[in-house]
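**Q** Could you have a look at this structure, given as structure tokens, before my questions?
The values are calculated or read from the model by the stated rules, or taken from the named source; none is laboratory data. Computed from a prediction, not measured in an experiment: that's the story for all the values here. Note that each Cβ is placed from the backbone with ideal geometry, even for glycine, and that neighbours are counted across all protein chains shown. Heavy atoms of the whole protein, side chains included, go into the accessibility calculation; ligands, DNA and RNA do not. Shrake-Rupley method; radii C 1.70, N 1.55, O 1.52, S 1.80 Å.
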Amino acid sequence: MLDEAPNQFFPTRAALGMGGGARSKFTAVLLSAAMAAALSSMSALGGAELQPTPQQLYGELLAVFPEDRQGYGKDWFMQVVDHQPMTYGLVLSAEAIHLQRAPGEESRRRVKKAARWLMDNRDLDGDGWPGWGIPQPWDAWSDGTTNAPNQPYTITTAIVLDGLLDAMDARSLWSANEIQEMRALAIEVVMRWCRKLWSNGYGGGFFWYSPSRNDEIFGVNAPAMFLSGMIRLSRDHKQALRPDQLALIQSRADQLARAIVSTVELRDGQPFWLYAPLPNKANNRRPNDLLHHCYTLWGIERYRDCGGRVPLPWTREGAIRSAERFWREGKLCEYTEKDSPGQSPAPARLWSAGMMLACCAQFGDTAGAGACLRAIQENYGPWPQLRTDPKAGPDQAFPRDSAHVLIGLALHAFPNRTSDSAR
């Protein structure tokens, strides 16, 4: 770029072997000619050098999350301004990935602070058990039963669990005691879900949507995301687990994988799921939108990468191609054409686009990740104040949504040739 190597285009008088005085006009002519040639060259390249790199875009988006309050801000749901554990978990994953692949002091601080907040706030609902949710009250299944603020949810806890595991992967950052503290918390969380939030069914078994019996429903995406963390824990921290703990985690992981496999619909070898397989007590019949499709792929494909014992009846290529079905008329959409027949394509929400970016980058679809990033830049900006929807106003920019883009961009901007998908 011009500011990195100015003398490449604008030679100095000394470089021309010229002095001052009578020759200054000639020097000026040469300089003007050099400048014109440089600008012409840049124009011919279409200004490509001026396009920000994924690494630059990552830095700009990261700045949206204040270092000392990385998960704090306004949320679209009920317009609440508060700390969101999901945002902390996503930023923690993104910065742990960034730290390992492009080490920097800011990332070191951010990872430590985000992990510390999550560990200190492991029981915000005060029930004596670790888990993370949202600060808003929520009737998750629209059945008239509203969960209190800070009720843990399987999806939020899964994202935090992945964040803590990503943080522990940056081993040089932590003391032995800190690793032990994070690992013990991760084990406690996973054992709680395996022992207390589990039901058999659908050809295997599933985790509930939340600890409430009212939410004892197999919403495929949330247990699938939890599967990512539990299978990584059993692989990467096996030595810290007692034999009975390891056996239970592996058993639950395989049973959950069987339930995910038994409820899949294969379309030309590509996997798709309903949001909640039938029958379910909420009588929910809707298909997965893009966000929840990508959550499901994230968990079950990481199960594959971690050596899961249940065979998956689709290939990695089939999984990637299934996500491509959400492109319609050159835009990312909330539903595939088959799942919304005859309807005008609804644009994907920002967190849907961000999670697709993450899946493409994690599972080796570099071209797909680049296409997702361009779509986000073009349709959800101005960067980095990303709107939750292409049609939303500039005031509709929320950290929890943007954090999904941040983790996707971390994986895309700082690729790792030894990631799970390459093993």
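**Q** Taking into account only those residues within the range 194-214 that are in a strand (DSSP E or B) and in contact (Cβ under 8 Å) with a residue 24 or more places away in the chain, which is most open to solvent (accessible area, probe 1.4 Å)?
**A** Result: Asn200.
**Q** Restricting attention to the range 135-182, and to residues there that are β-branched (Val, Ile, Thr) and open to solvent by 10 Å² or more (accessible area, probe 1.4 Å), which single residue is farthest from Val81 (Cα to Cα)?
**A** Ile179
**Q** At pLDDT 95 or above, in a helix (DSSP H, G or I) and more than 25 Å from Gly364 (Cα to Cα) - does that describe any residue in the range 260-281?
**A** Checked against the condition, which is being at pLDDT 95 or above, in a helix (DSSP H, G or I) and more than 25 Å from Gly364 (Cα to Cα), the range 260-281 yields at least one hit.
**Q** Could you figure out which of (1) in contact with a helix residue (DSSP H, G or I) (Cβ under 8 Å, 6 or more places away or on another chain); (2) crowded, with 19+ Cβ neighbours inside 10 Å isn't true of Ala276?
**A** Of everything listed in (1) in contact with a helix residue (DSSP H, G or I) (Cβ under 8 Å, 6 or more places away or on another chain); (2) crowded, with 19+ Cβ neighbours inside 10 Å, Ala276 misses just condition (1).
**Q** Please determine, by comparing only the residues of the range 335-362 that are among the hydrophobic types (A, V, I, L, M, F, W, C) and assigned to a loop (DSSP other than H, G, I, E, B), which one is nearest to Cys306 (Cα to Cα). If you could, list the steps in order and put the result at the bottom.
**A** Applying the first criterion (among the hydrophobic types (A, V, I, L, M, F, W, C)) to the range 335-362 yields 346, 348, 350-351, 353, 355-361.
Narrowing the set further to residues that are assigned to a loop (DSSP other than H, G, I, E, B) leaves 346, 348.
On the way: Ala346: 35, Ala348: 30 Å.
The extreme case among them is Ala348.
**Q** OK, next. Before we move on, is Leu332 assigned to a strand (DSSP E or B) and open to solvent by less than 70 Å² (accessible area, probe 1.4 Å)? It would help to see each step written out before you state the result.
**A** Values: assigned to a strand (DSSP E or B): yes; open to solvent by less than 70 Å² (accessible area, probe 1.4 Å): yes.
So Leu332 passes the test.
**Q** Same structure again: Does at least one position in the range 106-126 carry a residue that is open to solvent by less than 20 Å² (accessible area, probe 1.4 Å), in a helix (DSSP H, G or I), of a type in the set (S, T, N, Q) and closer than 25 Å to Cys359 by Cα?
**A** Checked the range 106-126: at least one residue is open to solvent by less than 20 Å² (accessible area, probe 1.4 Å), in a helix (DSSP H, G or I), of a type in the set (S, T, N, Q) and closer than 25 Å to Cys359 by Cα.
**Q** While we're looking at this one, here's another question. Give the range 318-328 a look and list any residue that's open to solvent by 20 Å² or more (accessible area, probe 1.4 Å) and either touching a Pro at 6+ places or on another chain (Cβ under 6 Å) or closer than 26 Å to Arg252 by Cα (or both), or say none.
**A** So in the range 318-328, the residues open to solvent by 20 Å² or more (accessible area, probe 1.4 Å) come out as 320-321, 324-325, 327-328.
Answer for the range 318-328, where residues must be open to solvent by 20 Å² or more (accessible area, probe 1.4 Å) and either touching a Pro at 6+ places or on another chain (Cβ under 6 Å) or closer than 26 Å to Arg252 by Cα (or both): Ile320, Arg328.
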